[in-house]
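Asker: What follows is a single structure, and I will ask about it in a moment.
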Amino acid sequence: MMNPLFLSYWRSRLRPKALIAWSAMTMIVTLFVFFTAHWAGTDQLDMNLKAAARLPIIPLLMMQGVILFFLGTGSVASGMTAEEDEGVIDYQRLVPMKPISKVIGYLLGLPVREWVLFLITLPFSLWCFWKGGIPFEVFGELYAVVVSTALLYHMTALLAATVMKNRRLAFLGSMSLIFALYTAMPAAS
């Protein structure tokens, strides 16, 4: 049986009009980034086709990171804030679901639109790896890190939005926490 929280967010965050608009914007930006990088490699830098096919990988990865890490984390933090404001969190405490099911429902349901947008950009990365002659094991390893990092960021936002007294600052708090944990602390060591 489907997780009811995930299913609820699936229905609300993937409504056709909003999804078409977000998908169109994502596709336009992805096409621009992809073709600009590929054009720069072939025409401006006089690279061979194999090297030019590798050139869009980093810009695409950065765009996917913005979608998953920034927008997805913001969706989780703001979604939990809205749920608390509407009293749904208190209602969920009374629902006979296991706590892990609730967490998974929130964790995967709140950023579901961002995961769909990420999947829209993925074929371009696959093409770059294929035409660039990069082994697909590298693709698998790279995107395993991207997905696990996105889930970790989303969990951080879920935690921040759950425990912060001022839930309005949950997004800012989760981003600050992520920056401190994964940028400032390693640099300080």
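Asker: Can you pull out every residue in region 100-135 that is in a helix (DSSP H, G or I) and over 24 Å from residue 32 (Cβ atoms)? Break it down into steps so the answer makes sense when it comes.
Answerer: Applying the first criterion (in a helix (DSSP H, G or I)) to region 100-135 yields 100-109, 112-131.
100, 101, 102, 103, 104, 105, 106, 107, 108, 109, 112 - these are the residues of region 100-135 that are in a helix (DSSP H, G or I) and over 24 Å from residue 32 (Cβ atoms).
Asker: Still on this structure, I have one more. Pick from region 37-59 the residues that are assigned to a helix (DSSP H, G or I) and open to solvent by 60 Å² or more (accessible area, probe 1.4 Å): which of them is nearest to residue 110 (Cα to Cα)? Walk me through it before giving the result.
Answerer: Start the filter on region 37-59 by keeping residues that are assigned to a helix (DSSP H, G or I), which leaves 37-44, 49-54, 57-59.
Remaining after also requiring open to solvent by 60 Å² or more (accessible area, probe 1.4 Å): 39, 43-44, 49-50, 54, 58.
Numbers: 39: 36, 43: 42, 44: 42, 49: 40, 50: 39, 54: 33, 58: 27 Å.
Ranking the candidates gives 58 first.
Asker: Which residues, counting only those in region 20-30, are open to solvent by 40 Å² or more (accessible area, probe 1.4 Å) and either among the hydroxyl-bearing types (Ser, Thr, Tyr) or under 15 Å from residue 114 (Cβ atoms) (or both)?
Answerer: First, the residues of region 20-30 that are open to solvent by 40 Å² or more (accessible area, probe 1.4 Å): 20-22, 24-25, 27-29.
Once the filter is applied, which keeps residues that are open to solvent by 40 Å² or more (accessible area, probe 1.4 Å) and either among the hydroxyl-bearing types (Ser, Thr, Tyr) or under 15 Å from residue 114 (Cβ atoms) (or both), region 20-30 yields 21, 22, 25, 27, 29.
Asker: Oh, and also: Out of everything in region 103-141 that is in contact with a Ser or Thr (Cβ under 8 Å, 6 or more places away or on another chain) and aliphatic (A, V, I, L, M), what residue ends up being surrounded by the most Cβ atoms within 10 Å (Cβ to Cβ)?
Answerer: That would be 110.
Asker: Considering each of 135, 123, 96 in turn, give the residue that is within 20 Å of the chain's Cα centre (by Cα) and on the phi < 0 side of the Ramachandran plot.
Answerer: Numbers: 135 fails: within 20 Å of the chain's Cα centre (by Cα); 96 fails: within 20 Å of the chain's Cα centre (by Cα).
Exactly one of 135, 123, 96 is within 20 Å of the chain's Cα centre (by Cα) and on the phi < 0 side of the Ramachandran plot, namely 123.
Asker: Checking residue 144 against (1) open to solvent by 20 Å² or more (accessible area, probe 1.4 Å); (2) in a helix (DSSP H, G or I); (3) under 22 Å from residue 77 (Cβ atoms), which single condition isn't satisfied?
Answerer: If we test residue 144 against (1) open to solvent by 20 Å² or more (accessible area, probe 1.4 Å); (2) in a helix (DSSP H, G or I); (3) under 22 Å from residue 77 (Cβ atoms), just (3) comes out false.
Asker: Next question. So which of 183, 149, 81, 73 ends up being open to solvent by 40 Å² or more (accessible area, probe 1.4 Å) and either more than 30 Å from residue 32 (Cβ to Cβ) or assigned to a helix (DSSP H, G or I) (or both)? It would help to see each step written out before you state the result.
Answerer: On the way: 149 fails: open to solvent by 40 Å² or more (accessible area, probe 1.4 Å); 81 fails: open to solvent by 40 Å² or more (accessible area, probe 1.4 Å); 73 fails: open to solvent by 40 Å² or more (accessible area, probe 1.4 Å).
After applying the criteria, what remains is 183.
Asker: Another one. Among the residues of region 152-180, write down those that are surrounded by fewer than 20 Cβ atoms within 10 Å (Cβ to Cβ), of a type in the set (Ser, Thr, Tyr) and touching a helix residue (DSSP H, G or I) at 6+ places or on another chain (Cβ under 7 Å).
Answerer: Within region 152-180, 162 is the sole residue that qualifies.
The values are calculated or read from the model by the stated rules, or taken from the named source; none is laboratory data. Owing to the predicted nature of the structure, the values given are computational and were not obtained by experimental measurement. Ideal geometry is used to build each Cβ from the backbone, glycine not excepted, and the neighbour counts take in all protein chains shown. Note: areas computed on protein heavy atoms with side chains; ligands, DNA, RNA excluded. Shrake-Rupley method; radii C 1.70, N 1.55, O 1.52, S 1.80 Å.
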